[in-house]
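The values are calculated or read from the model by the stated rules, or taken from the named source; none is laboratory data. Note that this is a predicted model, so its numbers are computed, not measured. Here the Cβ positions follow ideal geometry from the backbone for every residue, glycine too, while neighbour counts run over all protein chains shown. Just the protein is used for accessible areas: all its heavy atoms, side chains included, with ligands, DNA and RNA removed. Shrake-Rupley method; radii C 1.70, N 1.55, O 1.52, S 1.80 Å.
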Amino acid sequence: MSQQIENILHENRRFSPSDAFRRASRMGDEAEYQAMYQCSIDDPDGFWGEVARELPWIRPFERVLDWSKAPVASWFDGGQLNASAVCLDQHADGERANKVAIHWEGEPGDARSFTYRELRMEVARFANVLKSRGIGKGDRVAIYMPMIPELAMAVLACARIGAIHSVVFGGFSAQALRDRIEDTGCNAVICADGGWRRGSVLPLKQEVDKSLEGIDHVHTVLVVRRTENEVEWNSERDVWLHEALESVSDSCVPEAMESEDVLFLLYTSGSTGKPKGIMHTTGGYMVGAYLSTRMVFDLQEDDVYWCTADVGWITGHSYIIYGPLANGATIVMYEGAPNAPAEDRFWDICERLGVTVFYTAPTAIRAFMKWGDEHVQKHDLSKLRLLGTVGEPINPEAWTWYHRVVGGERCPIVDTWWQTETGGIMLTPLPGCTDTKPGSATRPFFGVDACILNEEGQVLGPNQGGLLALRKPWPSMLRGIWGDEQRFKDTYWSKWPDGWTYFAGDGARQDEDGYFWVLGRVDDVINVSGHRLSTMEVESSLVAHEAVVEAAVVGRPDDLTGEAIVAFVTTLTGIDGNDDVRAALIEHVAEQIGKLARPQEIRFTDALPKTRSGKIMRRLLRDVAAGRESNQDMSTIEDAGVLERLRLTDGQK
Ligand code: PRX
């Protein structure tokens, strides 16, 4: 991190939106922005009440915020609405009925588009299939699918009938899926036979079958036919979607949901224990997703908006589905890899579909940079007007490349900081009025009271590194961890004694202009290609392998993926840490968690550096992994020789 702080400290370029962009944007005037931000802080009830009233409530809310049970917030009490109706019906029954909602493209090149009216009909039919299987309000439904239109439909169909969806990223293994299915206690799983990825089929149905062995609470597996690969079939439990759709009606009245009814669960890694089911509720989440999409992406009626995330992550929930559709936008969805069949696939899609707003992750930008400018430059990207990034700190070099090569130096870049837990964007430029600085997520979004605190809870001044904290509740905030209220309080609200200041788990500083520079996690969470993993999860997977006695996992800075996983492993006496064991361990982690968690490097060691009380000193291991000298306090180390021996293995793969 010190290297990063160094780089960022030297970054003082500023980029202003052009006058043309400013004039055409939703918020092009700094004074107006300042006034609106101040109002959102001074009078949150007034501010959010007004925004919320733009949504089509089934029954109006009576109160904006109840924070008396902090840290559990209650937003828009008394109000009823349905998230799928917000995303579909208000447009399908109005002027946007024939506007394209989704332009979808499969990896093999097949394509489908749906207008708002068509999408509502598909979702209604999907919802009726779920109902015909006895699924209803409050039931949990796991979704494990490739990026096909049916994924968006599945999500919206659950929302329509009030079932709580829990989308699991298709890159997770059967074991990881199983853990999530068990934790939610869901009674249905929606999946596809497979999905396309770099020309091969990901056998998703097969993974679902494995994940359900011995589980008796799942009575339905609804399968979308996508890749037509052979699948095993359990005729009592498994249902083909296309067959079930034949006998259902194409209208479905949206369920009236209370504002605080749970809309979805999304599992994410923390620093300890198993993944947490982050709980988001209906009213506040929709209000947050709606306003942030509109303002951060400066949505205009004729925009073609593409967020390249997977719906398996929060970015896909808030900024592919709920936020953009709530605004009646035309979105792009793409199934496959960015380099299939060639490295220009994204730019080819942008050109053909006339993408105007493009939102992706720094790790992808670094891959594009590496592949070379020519893949971008052979396409006409003149329709692009706004770019965004999310998921990890963006290095100024990648930022300026994105600006120059993709954005043709004319598109503002919104670097957006937020989390699964925050539900929506928290730190971000507003593209028409915020001057940007490469590497900074700039300023708080409306209603966000962000600051930098030290361990004691004191507010730190300009350029002092500390902990990023949020001091006010916001509508799209998490309401809890599924089934574990204590963990919710301990993880996010107990860092400081007041009990209502949110601890984000990130280190950051604010510069002399008040701009925020997020530096990365301060806990044991690693961010690999924007995917959040806990060192504990990978460690417990490694120690579950028969050859392993002990393991410590740390992140190491990586040019492409942001961070890479390095594992230090001690093996059972008699088992040699050789290449075969290494390969077996990597495969084992892939099976237990997913390929995204595979260590990039495994170092075998006879012992791990520990404190005298037996705690593994991961801070030291981070230095060893990065190949840098340590300036950490070593006074508590039990056996300093361990470190020396580890350094000698430096560089060994
Ligand atoms: O460390 C921060 C990093 O990603 C974490 C949240 O991960 P997740 O819940 O998976 O959500 C990712 C997409 C919202 C944060 O704690 N992070 C996210 N965006 C940024 C970022 N770090 C720096 N700059 C960002 N723009």
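Looking only at segment 492-504, which residues are surrounded by fewer than 21 Cβ atoms within 10 Å (Cβ to Cβ) and either assigned to a strand (DSSP E or B) or in contact with a strand residue (DSSP E or B) (Cβ under 6 Å, 6 or more places away or on another chain) (or both)? Within segment 492-504, Lys495, Phe503 qualify. Screening Thr434, Thr416 for residues that are within 12 Å of the ligand (Cβ to nearest atom) and of a type in the set (Ser, Thr, Tyr) leaves exactly one candidate, Thr416.
Checking the conditions here, which among Gly505, Gly555, Gly520, Gly562 is within 16 Å of the ligand (Cβ to nearest atom), touching a helix residue (DSSP H, G or I) at 6+ places or on another chain (Cβ under 9 Å) and at pLDDT below 90? Of Gly505, Gly555, Gly520, Gly562, the one residue that is within 16 Å of the ligand (Cβ to nearest atom), touching a helix residue (DSSP H, G or I) at 6+ places or on another chain (Cβ under 9 Å) and at pLDDT below 90 is Gly520.
Of the residues making up segment 397-411, those that are over 22 Å from the mean Cα position of the chain (by Cα) and either on the phi > 0 side of the Ramachandran plot or not polar (S, T, N, Q) (or both) are Glu397, Trp401, His403, Arg404, Val405, Val406, Gly407, Gly408, Glu409, Arg410, Cys411.
What single numbered condition from (1) surrounded by 22 or more Cβ atoms within 10 Å (Cβ to Cβ); (2) at positive phi fails to hold for Ala567? Here Ala567 clears every test but (2).
The listed residues are Ala552, Ala547, and the only one of them that is more than 28 Å from Met286 (Cα to Cα), of a type in the set (A, V, I, L, M, F, W, C), in the same structural domain as Thr605 (by TED's automatic domain parsing) and free of Cβ contacts under 8 Å to residues at least 60 places away in the same chain turns out to be Ala547. Just one of the listed residues (Gly466, Gly457, Gly424) is away from the ligand (no atom under 16 Å from the Cβ) and either basic (Lys, Arg) or touching a residue at least 12 places away in the same chain (Cβ under 8 Å) (or both), namely Gly457.
Tallying residues that are crowded, with 16+ Cβ neighbours inside 10 Å and not in a loop (DSSP other than H, G, I, E, B) within segment 610-631 yields 10.
One residue is enough: does segment 114-131 have a residue meeting the conditions of a type in the set (A, V, I, L, M), part of a strand (DSSP E or B) and modelled with pLDDT of 95 or more?
No - not one qualifying residue is present in segment 114-131.
Counting only helices (runs of 4 or more DSSP H) that sit completely within segment 14-56, those holding 2 or more residues that are of a type in the set (Ser, Thr, Tyr) correspond to 30-42.
Taking each residue of segment 388-412 that is open to solvent by 10 Å² or more (accessible area, probe 1.4 Å) and looking for partners that are charged (D, E, K, R) and part of a helix (DSSP H, G or I) with beta-carbon atoms closer than 8 Å, six or more apart or interchain, yields Asn395/Arg366. Determine, yes or no, whether Gly134 is touching a His at 6+ places or on another chain (Cβ under 9 Å) and of a type in the set (Gly, Ala, Ser). It is true that Gly134 is touching a His at 6+ places or on another chain (Cβ under 9 Å) and of a type in the set (Gly, Ala, Ser). Please work out which residue is surrounded by the fewest Cβ atoms within 10 Å (Cβ to Cβ), limiting yourself to segment 470-489 and to residues that are in contact with a helix residue (DSSP H, G or I) (Cβ under 8 Å, 6 or more places away or on another chain) and outside any loop (DSSP other than H, G, I, E, B). Only one residue fits best here, namely Gly480.
Among the residues of segment 401-413, write down those that are in a helix (DSSP H, G or I) and either away from the ligand (no atom under 16 Å from the Cβ) or touching a Lys or Arg at 6+ places or on another chain (Cβ under 8 Å) (or both).
Trp401, Arg404, Val405, Val406
How about segment 585-609: which of its residues are open to solvent by 40 Å² or more (accessible area, probe 1.4 Å) and in contact (Cβ under 8 Å) with a residue 12 or more places away in the chain?
Ile586, Glu591, Gln592, Lys595, Arg598, Gln600, Asp606
Exactly one residue out of Ala111, Ala73, Ala124, Ala52 is touching a Phe, Trp or Tyr at 6+ places or on another chain (Cβ under 8 Å) and buried (at least 23 other Cβ atoms within 10 Å of the Cβ): that is Ala52.
Contact map, segment 25-45: first residue at positive phi, second residue small (Gly, Ala, Ser), Cβ cut-off under 7 Å, separation 6 or more or different chains; the map is empty. In segment 518-543, the residues that are open to solvent by 30 Å² or more (accessible area, probe 1.4 Å) reach residues that are more than 9 Å from the ligand (Cβ to nearest atom) and in a loop (DSSP other than H, G, I, E, B) with C-beta atoms within less than 7 angstrom, at least six apart or across chains, in these pairs: Asp523/Ser271; Asp524/Ser271; Ser529/Thr561; Met536/Ser271; Met536/Thr272; Met536/Gly273; Met536/Asp524. Under the condition of being over 25 Å from Ile320 (Cβ atoms) and outside any loop (DSSP other than H, G, I, E, B), the residues counted in segment 373-400 number 5. Taken together, Val221, Val248, Val208 contain a single residue that is of a type in the set (A, V, I, L, M) and open to solvent by 20 Å² or more (accessible area, probe 1.4 Å), which is Val248. Among the residues of segment 371-386, none qualifies, meaning not one is open to solvent by 20 Å² or more (accessible area, probe 1.4 Å) and within 16 Å of the ligand (Cβ to nearest atom).
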